[in-house]
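Single-structure report; data block below.
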Amino acid sequence: MTEHDIEIAVNGTEHELTVDSRTLLVHALRDELGYTGTNIGCESSTCGACTVHLDGDAVKSCTLLAVQADGSEVGTVEGLADDGSYAPIQEGFQKEHGLQCGYCTPGMMLAANDLLERNPDPDEEEIREAIEGNLCRCTGYQNIVNAVEFAADEMAEVAADGSGEPAGSD
Amino acid sequence: MGIETITSDELDVESVLGSAVERREDPALITGEAEYTDDIQRPNMAHMAVLRSQYGHARIDGIDTSAAEEMDGVIGVYTADDLDVPGEIPVGWLLDSLRTPVHPLLAGDVARYQGDGIAVVVAEERSIAGDARDAIEVEYERLDAVTDPKEAVEDGAPVVHDDLEDNTAFDWEIGDADETDDAFANAAHTAEVDLTNQRLIPNAMEPRATVAEYKPGTEELEVHLTSQNPHLHRQLMSGVLDVPEHKLHIVAPDVGGGFGSKIHHYPDEALACWCAMETGRPVKWTATRTETYLTDAHGRDHVSHAELAMDEEGTITGMRVKTYAGMGAYLSTFAPAVPTYLYGTLLSGQYDIPAIHCNVVGAFTNGAPVDAYRGAGRPEALYLVERIITLGAREMGMDPAEFRRQNFVPEDDFPHQTPVAVEYDSGNYEPALDKALEAVGYDDLRERQAELREEGRYLGIGLSSYIEACGLAPSELAGQLGAQAGLWESGLVRVHPTGKVTAFCGTSGHGQGHETTYAQIVSDELGIPYDDIEIVEGDTDEIPQGMGTYGSRSAAVGGSALATSSQKVVEKAKKIAAHQLEASEEDIEFSNGEFSVAGAPERSMHIQDVAAQSYLAHDMPEGIEPGLEETSFYDPDNFVFPFGTHIAVVEVDPETGEIEFENYVAVDDVGPQINPKIVEGQVHGGVAQGIGQALYEGAEYDSNGTLVTGSMQDYVVPKAEHIPRMETDSTVTPSPHNPLGVKGVGEAGTIAAPQAVVNAVTDALQPFGIDHIDMPLTNERVWRAVNDAPSAEDGGSEAVADGGERAEDEPSGSDEGGEN
């Protein structure tokens, strides 16, 4: 097996590591670097539990080779909270009971953040469409949709008052 | 609509029970801190991979492991011949005359389903273990397979176990056959239906996993496991591995959903433990999604014929059911209980039916073992009941809501003894039905349905008035029915000297929010602030005994155990407080954590101060030991019986078979709600799984026993766009059997939803004379049903133009009333 030296920045921290050609990004993140917040559900890009951000876009890390991420910025669930305060999407999931077992939640939140970046004010149909690559077996999705709507509102308020502090945050 | 959560700061002691406080589980889960089994690393850890049969039924003529053994990084390769443990997966529920073929950890001579384990590899890396597994060569001789439970017990079917030629695991009955025959002989009207309740795959998002570590110094085996019931796993694995229970430490860390699939003891778990003992290395095994499809215990798999007898007025006089239940190739842990005592005992539904008889034949097939999956037996029962009730109403030409109302067990008839063994604890069925009807605007909907039919549009309204049995108990009864374990629950409440509390429960949550709801219960009972209470579950060293989480038993049984222990704590604290306040115990009042002397409220002590005094123990009443902690083993008097009515409103396009939801209303009565937001979430999730069964999901084997729905690409786990927005509401009828009055909600939605949807779709298609379509109601099945319908020969649109007239040879029931 050929090995490769790669560099990736995870949540802003630079990492240098050596991986096999076939090592998947999710395994590099979980097993090599210890970012176990990203979960593996299907290894076929279907369930979305492994969704991370690669240079800002949501991708399925279970079907992406680690070498393909060489030189990239990767965002995982561990990087969502900032200085102990939750990101709006995290707050939304908690407030709206958008999770039960929590296994799909990191991927779901990262997919939702990608949507909100592209479309800050999505309607319900757009949210459901945007998370169709992320399966949840617990919640029936309704409270996930509500959580994303909550985050959108929260981010809109922050943008409006320009303070940089999420409004209504505890 | 929707319930707003509050933070724990906004809770006060008086309203902690019944408040929608945010879940305390969530911070770890939304930040990535949660630790699932596959997240666990151990120094020097090795990885296990399982070679599984690629065929549904095959004789194994030879296994060549040499290439695998020679690979760099391979530590060991093992087959059935290498295992030196008692090595048989036990059956945890025995029926009279049950036949229990040996279920080995690895198949030796014959593989009986696709996915049956044949060999295991232990290697330095996960990827190497996989490579080595793929390098093992197996010489198979393929055998004929059978996968349909009804065909399996017919003469000449391929035989799954050589010594059980009729493939019959059991032939079980409940109810009175003669009385039921009489009811049918004297019936004015009858309805009947043939239906299947298809095989399902649980699909918890987290695949099953095990990390096993053997410590030779202490001879302790520590196992982290995706488990819904670590104590039950300990009990079963102790026997399989020949390791005493006190040396087996089982931990269920964060568990990513179960839905029943993580109750059972699978060979893989024992194999990982055996490999850890054999190699002296910590061993991790994590299933791939493909493995979960092949080997997680599947659910349902019934083929049934049901009949309903009614008198002139449409009052039900009898019900007769014959069911063939697929058990798969082996009997999984609770498998025999599911299509028998969890199924036949609920066939009375919400109805007062004088005579019921049910016969169930359990059939071995060349499929994955079938066991409890969300609802377990109860969804199968209620699907059948609510389908035949709907057809009964149609036969009578009655509105399906009124037919239900007429036959409900009346409000003043509780406790209600059914003819199928169980006694319903409490119930009041009409208010839930009325609320649901009002929420959908039933009368207006029926009018609109008629108008739309004139336009060639097909609206359907489907009712499901369900009941379920939760909190299975008491242990004595469970034992009489065949359970090989008690069904009590243990709870320990420890008040620390600081007045903070750690409470331990033998249940094991995996997404239900136990840490939150249990803390609410303990806080309410002790009057100690919610934030001062910590809940511990899922670790057999922390909690010596327990039975786990399944069958919606946690609140009713586990919650009651914690409530009982809390009450014992209060009793003891009261004695100490009385002594310290120099009053007699009878004069001490307890409210919101405060002990005070009656008539002299200024003489008072908070229970948290009593705790401090109990550990100082400088001034204790005579005969009272220091410390403040109590344990109880709570064994309920009876099951609890939640109920409700769900209504689905759909529009069906007969040209394409597409089904679109217009509305879904769920009115559930689960007794008092400890945390309404969590209840709402459980209902949403349950309904989604029920809709999944109704419209999308189904495990299909071909005639060779090959699972053709072996991945998420072939088996439709519903996505966000497949599940409609739901409206939830409730009524509250407490159970008289437990100190909290609670009933259970985890499975309600899954039990209620399938027939709500199928009743709605067949209601929509009444103009075509379609009374039944087997699940899943895929577009293709609906389209075919429309095209094959008797009235379709003349063209569907004509049938509509005729006002819904149906062909006269329609097998079940006439179409009087037409709009039901």
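Before moving on, here are some points about what is shown:
- Peptide A:125-138 has a mean shielding of 5, counted as Cβ atoms of other protein chains within 10 Å of each residue's Cβ.
- The sum of -39500 (n - 2.57) across all DSSP H runs of n ≥ 4, divided by the residue count of chain A, sets its helix-only mean residue ellipticity at 222 nm to -9000 deg cm²/dmol.
- Membrane-span-like helices in chain B, defined here as complete DSSP H runs extending at least 20 Å along the helix axis by their C-alpha atoms with mean Kyte-Doolittle hydropathy no lower than -1.0, are B:378-396, B:560-580, B:676-691, B:748-764; this is a sequence and geometry rule, not a statement about a membrane.
- With every protein chain in place, the stretch B:638-719: carbon and sulfur % of accessible area (1.4 Å): 41
- Using R0 = 30 Å, the C-beta based FRET efficiency linking B:Ala600 and B:Val732 works out to 0.20.
- Considering only A:Asp121, A:Asp20, A:Asp82, the mean-square fluctuation computed in a Gaussian network model of chain A, springs between alpha carbons under 10 angstrom, is largest for A:Asp82.
- Intensity falloff of the stretch B:265-411 expressed as log10 I(q)/I(0), Debye formula with alpha-carbon point scatterers, at q = 0.08, 0.09, 0.12, 0.17 Å⁻¹: -0.34, -0.41, -0.61, -0.92
- Hydrodynamic radius of the protein assembly as shown by the Kirkwood approach over all distinct alpha-carbon pairs: 29.5 Å.
- Helix A:142-161 axis, angle to chain A major axis (alpha carbon atoms, nearest 10°): 80
- Charged side chains reduced to their Cβ positions (Lys and Arg at +1, Asp and Glu at -1) give the protein assembly as shown a dipole of some 1840 debye around its Cα centre.
- Chain B - percent relative contact order, Cα under 8 Å, separation 6 or more: 16
- When the GluC sites (Glu not before Pro) in the stretch A:62-170 are filtered for DSSP coil states and for at most 16 other beta-carbon atoms within 10 Å of their beta-carbon, the remaining sites are A:Glu132.
- Contact residues in the stretch B:284-329 by the 30 Å² criterion (accessible area, 1.4 Å probe, full protein complex versus chain alone): B:Arg289.
- Interface burial in the stretch B:1-23 reaches 20 Å² or more for B:Thr5, B:Thr7, B:Glu22, B:Arg23, comparing the full protein assembly with the chain by itself; accessible area from heavy atoms with a 1.4 Å probe.
- For the stretch B:706-800, chymotrypsin sites (Phe, Trp or Tyr not before Pro) meeting the loop criterion (DSSP other than H, G, I, E, B) and having at most 12 other Cβ atoms within 10 Å: none.
- Span from the the stretch B:687-721 Cα centroid across to the the stretch B:332-383 one, whole angstrom: 21
- Beta bridges by DSSP in the stretch B:178-285, antiparallel share as percent, to the nearest 5: 70
- Across peptide B:680-688, the average count of Cβ atoms from other chains found within 10 Å of a residue's Cβ is 6.
- Interface size, chains A and B: roughly 4300 Å² of accessible area buried, both sides included, 1.4 Å probe, rounded to the nearest 100.
- Rh by Kirkwood over Cα pairs, then Stokes-Einstein D for the stretch A:1-53 at 0.692 mPa s and 37 °C, µm²/s: 277
- Shielding by other protein chains, B:713-721, mean Cβ within 10 Å: 6
- Of all aspartates and glutamates in the structure, the ones whose alpha carbon falls short of 16 Å from that of B:Lys215, not counting any fewer than 8 places away in one chain, are B:Asp242, B:Glu245, B:Glu278, B:Asp541.
- Here the Gaussian network model covers chain A, with springs between Cα atoms less than 10 Å apart; of A:Gly37, A:Gly92, A:Gly84, A:Gly84 fluctuates the most.
- Peptides B:570-580, B:632-642, B:181-191, B:457-467, ordered by how many other C-beta atoms sit within 10 Å of their residues on average, highest first, read B:457-467, B:632-642, B:570-580, B:181-191.
- Point-charge dipole on Cβ atoms (K/R +1, D/E -1) for the stretch A:1-143, about Cα centre, debye to 20: 640
- Using the Cβ-Cβ distance between B:Asp181 and A:Ser44 with R0 set to 51 Å, the FRET efficiency works out to roughly 0.45.
- Alpha-carbon Rg with Dmax, taken over the stretch B:333-430, Å: 15.1, 48
- A straight line joining the Cα centroids of the stretch B:279-317 and the stretch B:505-547 runs 30 Å.
- One way to sum up the overall shape of the stretch B:220-261 is the equivalent ellipsoid from its Cα gyration tensor, whose semi-axes run 20, 11, 6 Å, largest first.
- Rounded if a/c under 1.5, otherwise prolate or oblate - chain B, Cα gyration tensor axes: oblate
- When the alpha carbon gyration tensor of the stretch B:204-287 is reduced to an equivalent ellipsoid, the three semi-axes, largest first, read 20, 13, 10 Å.
- Solvent-free Debye scattering, log10 I(q)/I(0), computed from the Cα coordinates of chain A at q = 0.15 Å⁻¹: -0.80
- Reachable lysines from B:Lys435, criterion Cα separation under 21 angstrom, eight or more residues apart if same chain: B:Lys677, B:Lys743
- Cβ-based charge dipole, the protein assembly as shown, positive-most Cα from B:Ala325, B:Leu391, A:Val145: B:Ala325
- Using all pairs of distinct alpha-carbon atoms, the Kirkwood hydrodynamic radius of the stretch A:77-170 works out to 13.2 angstrom.
- Sparse packing (at most 14 other Cβ atoms within 10 Å of the Cβ) combined with a DSSP loop state is found for the following GluC sites (Glu not before Pro) in the stretch B:236-334: B:Glu312, B:Glu313.
- Charge dipole magnitude, Cβ of K and R +1, D and E -1 - chain B, Cα centre, debye nearest 20: 1740
- Taking a straight Cα-Cα cut-off under 27 Å and skipping sequence neighbours fewer than 8 places away in the same chain, the lysines within cross-link reach of B:Lys572 are B:Lys500.
- Computed from Cα atoms, the angle from the helix A:105-118 axis to the main principal axis of chain A rounds to 70 degrees.
- Each 5 Å bin from zero holds the following percent of Cα-Cα pairs in the stretch B:472-570: 3, 14, 25, 24, 17, 9, 5, 2, 1, 0.
- The spacing between the stretch A:63-122 and the stretch B:1-76, judged by their C-alpha centroids, is 20 Å.
- The mean sequence distance of close C-alpha pairs (under 8 Å, at least 6 residues apart), as a share of the length of the stretch B:367-449, puts its relative contact order at 15 percent.
- Sequence-separation-based contact order of chain A, relative, with Cα cut under 8 Å and 6+ spacing, percent: 22
The values are calculated or read from the model by the stated rules, or taken from the named source; none is laboratory data. Everything numeric in this text was worked out from a predicted model, so none of it was measured. Reconstructed Cβ throughout: ideal geometry from the backbone, glycine too, with neighbour counts over all protein chains shown. Protein only, heavy atoms only, side chains kept; ligands, DNA and RNA dropped before computing areas. Shrake-Rupley method; radii C 1.70, N 1.55, O 1.52, S 1.80 Å.
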